[in-house]
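Student: Okay, handing you the structure first.
All of the numbers you see were taken from the coordinates with simple rules; none came from a lab. Since this is a predicted model, take the numbers as computed values, not measurements. Don't worry about glycine lacking a Cβ; one is built from the backbone with ideal geometry, like all the others, and counts go over all protein chains shown.
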Amino acid sequence: MTTTCAPLPELGRAVTLPGVYAPQADSLLLADAVRRERRVPGSDLLDVCTGSGALAVYAARLGACVTAVDIGRRAVLTARLNALLAARRVVVRRGDLLSALPPDRTFDMLISNPPYVPSPAEFPPRRGRARSWDAGWDGRAFVDRVCDASPSALRTGGVLLMVHSALSAPETTVRRLAALGLVAEISDRATVPFGPVLSARLPWLRENGLVDDAAENQEELVVIRAEKI
């Protein structure tokens, strides 16, 4: 079994086992948003869909008490390994979003880089590499679930930071969170070139109106910030 190391200065080097999402531009965008939150040091922070655990370890470096969750066995193993290599305490649990936690457990912050890539398949895959990024026709299979879980997971004054693609309707995310009683906004944006997955999927994206025919092959990433008041 081979592993890869992703050298991202802000996040350090993250080891990733095959099939585990390696830190990329979206991870860096979310890390920057986490860094700017003054409440991070000493906070109870939950990283949902942790993948490699790079963001969980980064938050621990900033002084947070971190719990990380992922449904994938290899992701859990990878996150634990990266926490060990970084000499940071991160509690990593395996489960489907909040199912791995006690029902009354709450946090000061919730961060998430969930699968969000629109896919020709109606439902996300249950196994394989694409499980790390595919999220149904509209890319919202996990984004919506993170939104819905946030009010019960956050303490009063708690903050959600979630990154996803503009292809996955960020304004819908803001409206959904607002309907759940959170004060939500798009706090960060970044434009990056299409990666291999979106490049291969470009004809389908255009056919379904997700990408303009005249648009360059670039993707906008956004961070959604929502506060429980």
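Student: Between rounded, prolate and oblate, where does the range 77-155 land on the alpha carbon gyration tensor, with a ≥ b ≥ c its root eigenvalues, rounded for a/c under 1.5, else prolate if a/b exceeds b/c?
Tutor: Details: a/c = 2.38, a/b = 1.31, b/c = 1.81.
Note, shape of the range 77-155 comes out oblate.
Student: Using alpha-carbon pairs under 8 Å, 6+ residues apart, how would you state the relative contact order of the chain in percent?
Tutor: Relative contact order of the chain: 17 percent.
Student: Separate question: Give, in whole angstrom and from largest to smallest, the semi-axes √(5λ) of the equivalent ellipsoid of the range 11-60, with λ running over the eigenvalues of the Cα gyration tensor.
Tutor: 20, 11, 9
Student: Per-residue HN-Hα couplings for the range 111-122, Karplus 6.51 cos²θ - 1.76 cosθ + 1.60 at θ = phi - 60°, whole Hz, x for Gly and Pro?
Tutor: 10, 7, 10, x, x, 8, 7, x, 9, x, 7, 5
Student: Shape call for the range 156-229 from the C-alpha gyration tensor, a ≥ b ≥ c root eigenvalues: rounded (a/c under 1.5), prolate (a/b greater than b/c) or oblate?
Tutor: Prolate, since a/c reaches 1.5 and a/b exceeds b/c.
Student: Here is a follow-up. Mind computing the radius of gyration and Dmax over the alpha-carbon atoms of the chain? Å is fine for both.
Tutor: Here Rg and the maximum Cα pair distance are 16.5, 49 Å.
Student: Still on this structure, please answer the following. Based on the mean of other Cβ atoms within 10 Å per residue, sort peptides 49-58, 101-110 so the most packed one is first.
Tutor: Numbers: 49-58: 29.1, 101-110: 15.8.
Highest to lowest by the protection proxy: 49-58, 101-110.
Student: Also: Please tell me the relative contact order of the range 12-141 in percent, rounded to the nearest whole number, where contacts are Cα pairs under 8 Å and at least six residues apart.
Tutor: It rounds to 25 percent for the range 12-141.
Student: Same structure again: Between R127 and E227, what is 0.36 nm times their sequence separation minus the Cα-Cα distance? Round to one decimal in nm.
Tutor: 32.7 nm
Student: Then there's this: With each pseudo-label sitting 7 Å past Cα toward Cβ, what's the T156-V192 distance in nm, one decimal?
Tutor: Placing both labels 7 Å along Cα→Cβ, they lie 3.8 nm apart.
Student: Using the Cα centre of the chain as origin and beta-carbon charges of +1 (Lys, Arg) and -1 (Asp, Glu), tell me which of Q218, L98, Y116 is placed farthest towards the positive end of the dipole.
Tutor: Sorting the options by dipole projection puts first L98.
Student: So if we plug the beta-carbon distance of R39 and D104 into 1/(1 + (r/R0)^6) with R0 = 22 Å, what FRET efficiency do we get, rounded to 0.05?
Tutor: Rounded to the nearest 0.05, the efficiency is 0.55.
Student: Also, I was wondering about something else. Highest mean first, what order results for 142-150, 33-41, 185-193 on Cβ atoms within 10 Å?
Tutor: Highest mean packing first, the order is 142-150, 33-41, 185-193.
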